[in-house]
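Presented below is the structure to which this report refers.
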Amino acid sequence: MKLLLIALVLAVTGCGGWRLNVQRGISTLALSASGCGTVLDKANDAKQLAIRELAKTDANGAQIVLTGWAQTRSKIFLGCEVANLLAVEAKRLAPAMTSKDAALWIGKLLAAAADVVKLLNEHGLKLPGGL
Amino acid sequence: MPVIAPILIELVKTGAQMIATWVMGNAEQRAEVEALAQKNVDESTAGLAALKAKWPVGDAETQAIIDAEKEKQQ
């Protein structure tokens, strides 16, 4: 009986702990995805202004920069979107997760958040907070 | 034994109350964390969708400026 009670308490709290951490992982990843978009948007505003300025003296050069920037922006944005989709998927699956699934998802969510930071850094961009 | 029995009963009652309070606290905390995660996911999805709609407009404006400058510079 004692063992059963201990097992019950551990199961309830342990399971709750995993689930709570999945939700925290989802929040972390969603915030990373959102921050990724915000940082990229600010970079885009600055780039558009610079391209418009360049166009006054070198329209052909500005054309090349715009085309190149649009490609770079798409690539980074894809990373933001993938991170967001993963957060959405984890949120959808979270209620049915076993503790083993949850452990895997926590790893996956945090790795994806780290990938977002890495992707931004590769392009000279940073999430707010100096990550 | 008759002296110890009421003490044991009180101990068990207190223990049960503590566990109940703790479990309830966990449930409340879990609900808050789940709601926050949902909010973050919703905001992220909406924010990214807005950017996807916004950027082509800016690109088109920049392209128009470039085209106008190209004509001037030819």
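The values are calculated or read from the model by the stated rules, or taken from the named source; none is laboratory data. Remember, predicted model here, so these are calculated numbers, not experimental data. Here the Cβ is made from the backbone with ideal geometry for all residues, glycine too, and neighbour counts use every protein chain on show.
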Filter the stretch B:1-26 for residues that are in a helix (DSSP H, G or I), surrounded by fewer than 10 Cβ atoms within 10 Å (Cβ to Cβ) and of a type in the set (A, V, I, L, M, F, W, C); which is modelled with the lowest pLDDT? B:Ile4
Out of B:Lys39, B:Lys72, I need the residue that is surrounded by fewer than 13 Cβ atoms within 10 Å (Cβ to Cβ) and under 19 Å from the mean Cα position of the chain (by Cα). Which one? B:Lys39
Can you run down the residue pairs with Cβ atoms below 7 Å, 6 or more apart or on separate chains, where the first is in the stretch A:32-56 and in contact (Cβ under 8 Å) with a residue 60 or more places away in the chain and the partner is among the hydroxyl-bearing types (Ser, Thr, Tyr) and in a helix (DSSP H, G or I)? A:Ala33/B:Ser44
